[in-house]
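Each value in this text was obtained by applying a stated rule to the coordinates, not by laboratory testing. Note that the structure is predicted; figures quoted are calculated from it, not measured. Positions of Cβ are generated from backbone atoms using ideal geometry, with glycine treated the same way; all protein chains shown enter the neighbour counts.
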Amino acid sequence: MNLRFYDFETLEKELEGLSTQHRIAFAAACCERLLPNYNAFAREESWGAPSLLRTALDEVWQILKGKPVDVATLQKLRSACDSYDIVPHSDDFCGYVAEAQEAAIAIYKTLDACIEPTLQHIIEIAERVAFTIEFSTDWDVSIETEKYIETIARHPFTVREMAKQNEILERLKNTKELNYDLLEWLRTSFDNGGKSLIDLG
């Protein structure tokens, strides 16, 4: 398998062959690589609630490990994660604000996927990953779209992230039932010294 940057059509086809739980596990693993961006923003700006996003993502992992889905709890967490107090507004901050926004959005979209498990929610989370990389590379958006995407696709952040997504999808395809070891690997296998997919942390 060779999943490419911004190739959401291929990603959708790959995800179609997975169970709902496997898809959510893919999404949660993506969020783990995004969350350090929010943490970096919160430290820099002394604003936000990293612990709330951590709690929300931990709830997803607990569900994947077999905890019964409590829709009321998920909806409460979802509303909190989507609040003006959690998602920073671009007019109010500079620095890593866009990266923090994408991390928060990805996490509440993952909660959405637990409440209403549609494939589109998972694709939207993968889009948050792509947008985050795009923000971090700072390429000239005036160039032709295809060339622009090709240029970002060669960036080390992108190469590393696409390799990780391909690895995760391969593991998920080859594991019929989610188990503790696989879930722990999904949660922790991105070994980047506590930093995000764009080296923030």
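Some values worked out for this structure:
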quantity: Only listed residue being within 19 Å of residue 27 (Cβ to Cβ) and in contact with a Lys or Arg (Cβ under 6 Å, 6 or more places away or on another chain), chosen from 177, 167, 124; calculated: 124
quantity: Residue within region 160-176 that is more than 17 Å from the chain's Cα centre (by Cα), of a type outside the set (Gly, Ala, Ser) and on the phi > 0 side of the Ramachandran plot present; calculated: no
quantity: Residues of region 80-97 satisfying the condition of being touching a residue at least 24 places away in the same chain (Cβ under 8 Å) and charged (D, E, K, R); calculated: 82, 85
quantity: The one condition in (1) under 18 Å from residue 116 (Cα atoms); (2) of a type outside the set (Val, Ile, Thr); (3) surrounded by 21 or more Cβ atoms within 10 Å (Cβ to Cβ); (4) in contact (Cβ under 8 Å) with a residue 40 or more places away in the chain that residue 77 fails to fulfil; calculated: (4)
quantity: Single residue of 49, 106, 100 found to be touching a residue at least 24 places away in the same chain (Cβ under 8 Å) and over 16 Å from the mean Cα position of the chain (by Cα); calculated: 49
quantity: Total residues in region 8-38, condition under 16 Å from the mean Cα position of the chain (by Cα) and of a type outside the set (Phe, Trp, Tyr); calculated: 19
quantity: Output for region 40-69, where each listed residue is surrounded by 14 or more Cβ atoms within 10 Å (Cβ to Cβ) and assigned to a loop (DSSP other than H, G, I, E, B); calculated: 47, 48, 49
quantity: One residue from 34, 3, 18 being in contact (Cβ under 8 Å) with a residue 12 or more places away in the chain, not small (Gly, Ala, Ser) and not in a loop (DSSP other than H, G, I, E, B); calculated: 34
